[in-house]
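Chemist: Sharing a structure with you now.
The values are calculated or read from the model by the stated rules, or taken from the named source; none is laboratory data. Quick caveat, the model's predicted, so the values are computed rather than measured. Methodologically, a virtual Cβ is constructed for each residue, glycine included, from the backbone with ideal geometry; neighbour enumeration extends over all protein chains shown. Side chains included, ligands, DNA and RNA excluded: accessible areas come from the protein's heavy atoms. Shrake-Rupley method; radii C 1.70, N 1.55, O 1.52, S 1.80 Å.
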Amino acid sequence: MTSPQPTDADWWRQAVVYQIYPRSFADSDGDGVGDLQGILSRVPYLIDLGIDAVWLSPFYPSALADGGYDVDDYRNVDPRLGTLDDFGQLVEALHAANIKLIVDIVPNHTSDRHVWFQEALEAQPGTPARDRYIFRDGEGDQPPSDWDSIFGGSAWAQTPDGQWYLHLFAAEQPDLNWAHPEVRDDFLTTLRFWSDRGVDGFRVDVAHALVKDLTEPFKSKTELPRMSESNGVHPLFDRDEVHEIYRDWRKVLNEYDPPRSAVAEAFVPAARRARYASADGLGQAFNFDLLQANWDYAKFRRVIEENLALADQNGSSSTWVFSNHDVVRHATRYGLPNDPTGGWQDGKAWLLSNGTEPTVDVELGLRRARAAIMLMLALPGSAYLYQGEELGLQEVGELPAANLQDPAYFRSKGAEKGRDGCRVPIPWTVGGLSFGFGTGGSHLLQPKWFGQYSVEAQDGVAESTLSLYRKALAVRRGLQTANELTWNDGVDWVLHFTRPGGWQSITNFGEAPVELPDAAVVLSSSPLEGAKLPADTTAWLI
Ligand code: NOJ
């Protein structure tokens, strides 16, 4: 397939999307925080990497109570990160390089500094200004229900006048009331605002939480259905009515040529995911199933089959992701000892235990991560990559407590380490004050070992992980077509399939080398042993 053209309405279906966490990518002004001009200066790197699109995590004005997912103003740029003019320059540079741009939109909650929430606090209980959020009276000095916030502690915070407001995440992230017409209208304005500025698509944060059934009396948390069995009846998540909102959004997204794309972050059972990915809704939804699967042949096979079938059913395309800004980097997860969950604990993928730190087998983790990415890039559908994974970067487990920023750490009173370890600014050079990130240090402390993972250390080195990603993306670009995949069954621990054009991908999850099929090898994630595929290795053949 040739690279997607700007007028191609389906560009997202087989795209490789590279997630940039703006504050940790490149810092142009030496304040220790990454910014838009920093990203702009690295566009040549993105071109060399061979991606189709960039997904920018929030760059909006924010007090950073949750890494920017607490938005003060949805239609502006955080002054520490730049200006709307810088944003325009970035769009222009990416488009000139035929790279699309997706931005994050955070509709479930604003920040507590948002003008609406400030108005709500100044207003009296029961006044219209409070209706844009979810304010309730408590029971004496107790909150209206015993619900927990996803980051720990109560999901309700009390205002000085005694009322409580709901926040599914941090207290600085009050949940919006999506029954309010002004809330609905304002997000349509925001979609248009960024679409008018050339944005090609949106990543929709907690897309499954917007509509809530707040009929009282509230059920206790012990009576709430498990998410895996919620089936549209949970009061807080994945209610069928949420799709009315996305049907309105789709109409706006379709006002543009090409229509703007959208991908839902919706933690719902696989069978309910299709609703978010429907053509009259957002169009695509993340599937975190591979991310949650340990390095295990049977799980990978089941997840791939299930998701390809689901995507076919609703005319969408699958999404695949191993790492993002919320989870322990997969090069580290795959090196954790005897971890039956691959680093995914109780549905919270970002946790490394805060007690006895597990020893990570870095070599094994990287070897498997390289095999995994080649497997993923050979699958039909779009592949979402997270900055630094192309360097084989490991999670930073040793951040000192005083440097941690994640509300999950604070709200759990330190019981959970949080997600900062995957958000440390990435290393560009072998040495220097912040390994080339900027000239003024780094807001999350980079460890000494970062230099060996830097772009400088890997650029032009044939066996480096960066070279592997560049080669794999170039080969994929020439071969990736529609959704077809044929399984080649053989040994139980070998995942082998063929794509149109005779492109084969074969991964050995077992311990012993296996025979390779009789075809030309175009790329392998680790050196082959003669005509054999070693353990924890993927090869592509034609
Ligand atoms: C999901 C985002 O990926 C995460 O980083 C954030 O903390 C929550 N949504 C709340 O916005």
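Chemist: Along Cα→Cβ, 7 Å out, is where each label goes; now give me the distance between the ones at TRP449 and ILE542 in nm to one decimal.
Modeler: 3.8 nm
Chemist: Just from its helices, what would the mean residue ellipticity at 222 nm be for the chain, if runs of 4 or more DSSP H residues each count -39500 (n - 2.57) and the sum is divided by every residue, rounded to the nearest 500 deg cm²/dmol? Write down the numbers at each step before the final one.
Modeler: Values: 14 runs with 135 residues, N = 542.
After summing the helix terms and dividing by residue count, I get -7000 deg cm²/dmol.
Chemist: Expressed as a rounded percentage, what relative contact order does the chain have, with Cα pairs under 8 Å and six or more residues apart?
Modeler: On the way: 1146 pairs, mean separation 76.4, N = 542.
So the answer I get is 14 percent.
Chemist: For the chain, list the DSSP H helices whose alpha carbon atoms reach 20 Å or more along the long axis and whose average Kyte-Doolittle value is -1.0 or above?
Modeler: Span-like helices in the chain: 181-196, 297-314, 362-377, 465-479.
Chemist: How far apart, in nm, are the 7 Å Cα→Cβ label points at GLU363 and ALA298?
Modeler: 3.0 nm
Chemist: Between ALA462 and SER41, what is the label-point separation in nm under the 7 Å Cα-to-beta-carbon projection?
Modeler: In this crude spin-label approximation the distance works out to 3.3 nm.
Chemist: Placing +1 at every Lys and Arg Cβ and -1 at every Asp and Glu Cβ, with all other atoms neutral, what dipole size does the chain have around its Cα centre, in debye to the nearest 20?
Modeler: Using only the charged Cβ atoms, the result is roughly 1000 debye.
Chemist: Moving to a separate point now. Sequence gap at least 6, Cα distance under 8 Å: using those rules, report the relative contact order of region 372-447 to the nearest whole percent. List each step's numbers first, then the result.
Modeler: Working: 65 pairs, mean separation 18.7, N = 76.
Reported relative contact order: 25 percent.
Chemist: How big is the gap, in Å, between the Cα center of region 411-426 and the Cα center of region 245-291?
Modeler: Comparing the Cα centres of region 411-426 and region 245-291, I get a distance of 29 Å.
Chemist: Stokes-Einstein at 10 °C, 1.306 mPa s, Kirkwood radius from Cα pairs: D for region 71-143 in µm² s⁻¹? Don't jump to the answer; show the numbers that get you there.
Modeler: Numbers: Rh = 15.4 Å.
Once the numbers are plugged in, D ends up at 103 µm²/s.
Chemist: Compute the distance from the alpha-carbon center of region 1-75 to that of region 167-236, in whole Å.
Modeler: Cα centres, region 1-75 to region 167-236: 24 Å.
Chemist: So for the chain, taking the charge dipole from beta-carbon charges (+1 Lys/Arg, -1 Asp/Glu), which of VAL455, PHE435, ALA482 sits furthest toward the positive end?
Modeler: Value computed over the given set: ALA482.
Chemist: Among TRP164, PRO217, ALA179, which residue has its Cα furthest toward the positive end of the charge dipole of region 144-224, with +1 on Lys/Arg Cβ and -1 on Asp/Glu Cβ?
Modeler: Projecting each Cα onto the dipole axis, the largest value belongs to ALA179.
Chemist: Which three semi-axes in whole Å describe the equivalent ellipsoid of region 378-427, each the square root of 5 times a Cα gyration tensor eigenvalue, listed largest first? Each step should come with its number before you reach the end.
Modeler: Numbers: eigenvalues 147, 39, 12 Å².
They are 27, 14, 8 Å, listed largest first.
Chemist: On full extension of the chain, what length is gained from ASP312 through ARG477, given 0.36 nm per residue of separation minus the C-alpha to C-alpha distance?
Modeler: Numbers: separation 165, 0.36 × 165 = 59.40 nm, distance 2.17 nm.
Net length gain for the segment: 57.2 nm.
Chemist: How many angstrom lie between the C-alpha centres of region 367-406 and region 446-504?
Modeler: 14 Å
Chemist: Please compute the contact order of region 483-542 in relative form: average sequence separation of alpha-carbon pairs under 8 Å and at least six residues apart, divided by the residue count, as a percent.
Modeler: 31 percent
Chemist: Let me ask another. Could you please tell me the mean projected area of the C-alpha convex hull for region 383-542, averaged over all directions and given in square nanometres to one decimal?
Modeler: On the way: hull surface 50.2 nm².
Spelled out: convex hull of the Cα atoms, projected over all directions, averaged, 12.5 nm².
Chemist: For VAL521 and LEU84, what does the FRET efficiency come to when R0 = 51 Å and r is the distance between their Cβ atoms, rounded to the nearest 0.05? Please list the in-between numbers first.
Modeler: Values: r = 48 Å, r/R0 = 0.95.
The value I calculate is 0.60.
Chemist: Related question: Setting aside same-chain residues fewer than 8 positions from LYS299, which lysines have a Cα under 25 Å from its Cα?
Modeler: LYS348, LYS532
Chemist: While we're here: Per the 1.4 Å probe, what fraction of the accessible area of the chain, in percent, lies on carbon and sulfur atoms? Kindly include the intermediate steps, with their values, before the conclusion.
Modeler: Details: 10380 of 20040 Å².
Exposed carbon and sulfur together represent 52 percent of the surface.
Chemist: Excluding residues fewer than 8 places away in the same chain, name every one of the lysines whose C-alpha is closer than 26 Å to that of LYS251.
Modeler: In chain and number order, the partners are LYS100, LYS212.
Chemist: Can you divide the C-alpha Rg of the chain by 2.2 N^0.38 Å and report the result to two decimal places? It would help to have the intermediate numbers written out before the result.
Modeler: On the way: Rg = 22.9 Å, N = 542, 2.2 N^0.38 = 24.1 Å.
Relative to the rule-of-thumb radius for its length, the chain sits at 0.95.
Chemist: Go ahead and run the numbers for FRET between ASP492 and GLU398, Cβ-Cβ distance against an R0 of 35 Å, rounding to 0.05.
Modeler: Working: r = 38 Å, r/R0 = 1.10.
Efficiency, rounded to the nearest 0.05: 0.35.
Chemist: Also: Sorted by mean Cβ packing within 10 Å, highest first, what order do the peptides 391-400, 41-50, 222-231, 139-148 take? Can you show the working numbers first?
Modeler: Numbers: 391-400: 19.9, 41-50: 16.3, 222-231: 12.2, 139-148: 14.4.
Packing proxy ranking, top to bottom: 391-400, 41-50, 139-148, 222-231.
Chemist: Figure the gain on full extension for ASN231 and ALA279 (residue separation times 0.36 nm, minus the Cα-Cα span) and round it to one decimal in nm.
Modeler: 15.2 nm is the gain from fully extending ASN231 to ALA279.
Chemist: If I take R0 = 22 Å and measure r between the Cβ atoms of LEU214 and GLU122 in this structure, what FRET efficiency does the formula 1/(1 + (r/R0)^6) give, to the nearest 0.05? Let's see the in-between values first.
Modeler: Working: r = 23 Å, r/R0 = 1.05.
It comes out at approximately 0.45.
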